[in-house]
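Some notes on the structure that comes next.
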Amino acid sequence: MEPSSHRIPEHLATAVFTRAARLHLQSQGRLDSYSLTELLEAGQAANIPPEFIHQALHELHQPQPNRWRPLALALIAITLGFGTWHYLARPLSQQDLATRLRQKNCNQCTLNGVDLRGKNLSSFNLEGANLRGANLTGANLSNANLQGADLSGAILEDTNLANANLSGANLSGAKINRANLIAANLQGVLANGTEIQSANLTGADLKATRLQGSNFTGADLTKTTFQGADLAQVNMSGTVLKNTDFTQAKNLETVDFSGAKQ
């Protein structure tokens, strides 16, 4: 991998942007054509003013010195590759969401901020879904696939996550108080500053998790595995620690175990 301080020549930067944009569009099945409206909307999502989109299109259709054409092409590539990604990543419409919910399949969905309080999402496929800031209070997500999902800042209080697969998910800043996490797979999750108070994590797997500053006050951690987890400044006061596994856990000396029961 190139060091971050390495300077990339202009012609190579243009080639990188163009190739990256083409690969992204190919993965989206979007290599046919685009209307000016679509280009402008994509440019807006990428924070590129419309006058530059018009200028780039004009320069591509006019004879220009060789040094300008690659730059104009790069602008279009960046707009399509990155702007279109943001444009296509808009939240689902209510109709599309309802369809996905009926199908129990919403992997890679954009659901940030969505209100799913009390919904029955048992055994749903939400792998890689964007659920940032979503409200899932009281929802049933037992046996759901949330592998790699972004749940940062989400509200999962009183939520049933028993046997759910949350491996590799981002739970930073989420509120998971009083949740049912019995036998849940939480391997490798990022959960810095997360509230997991009074939750039931009996038999849950938290191997190699990053839990800096998280609050487990009053949680049931019976037979919970924290092997290799980073527990810097974690609050585990008043927890139940019967047969809890802290093998090779990091920063264990900084954990607050006051009032914990073994």
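The values are calculated or read from the model by the stated rules, or taken from the named source; none is laboratory data. Computed from a predicted structure; not experimentally measured. Every residue, glycine among them, receives a Cβ derived from its backbone with ideal geometry; neighbour counts consider all protein chains shown. SASA here: full protein model, heavy atoms, side chains in, ligands and nucleic acids out. Shrake-Rupley method; radii C 1.70, N 1.55, O 1.52, S 1.80 Å.
Remarks
- Applying the condition of being open to solvent by 50 Å² or more (accessible area, probe 1.4 Å) and in a loop (DSSP other than H, G, I, E, B) to the range 163-184 and asking which residue is nearest to LEU126 (Cα to Cα) yields ASN163.
- Among the residues listed as GLN108, GLN187, the single one being out of contact with any His (no Cβ under 6 Å at 6 or more places or on another chain), at pLDDT 95 or above and either assigned to a loop (DSSP other than H, G, I, E, B) or aromatic (Phe, Trp, Tyr) (or both): GLN187
- Enumeration of residues in the range 213-235 that are assigned to a loop (DSSP other than H, G, I, E, B), in contact with a Leu (Cβ under 7 Å, 6 or more places away or on another chain) and more than 14 Å from ASN200 (Cβ to Cβ): PHE226, ALA229, LEU231, VAL234
- Hey, THR202 β-branched (Val, Ile, Thr), free of Cβ contacts under 8 Å to residues at least 24 places away in the same chain and crowded, with 24+ Cβ neighbours inside 10 Å or not: no
- The residues of the range 127-151 that are under 11 Å from the mean Cα position of the chain (by Cα) and open to solvent by less than 20 Å² (accessible area, probe 1.4 Å), listed by number, are ALA129, LEU131, LEU146, ALA149, LEU151.
- Taking each residue of the range 232-253 that is over 17 Å from GLN212 (Cβ atoms) and looking for partners that are of a type in the set (Asp, Glu) and crowded, with 17+ Cβ neighbours inside 10 Å with beta-carbon atoms closer than 7 Å, six or more apart or interchain, yields VAL240/ASP220.
- Entry remark, the range 221-245: residues being open to solvent by 30 Å² or more (accessible area, probe 1.4 Å) and touching a helix residue (DSSP H, G or I) at 6+ places or on another chain (Cβ under 6 Å) number 1 in total.
- Of the residues contained in the range 121-136, one or more are found to be of a type in the set (Ser, Thr, Tyr) and either in contact with a His (Cβ under 6 Å, 6 or more places away or on another chain) or closer than 19 Å to SER167 by Cβ (or both).
- Selection within the range 246-262 - open to solvent by 40 Å² or more (accessible area, probe 1.4 Å), assigned to a loop (DSSP other than H, G, I, E, B) and not polar (S, T, N, Q): PHE246, PHE257, GLY259
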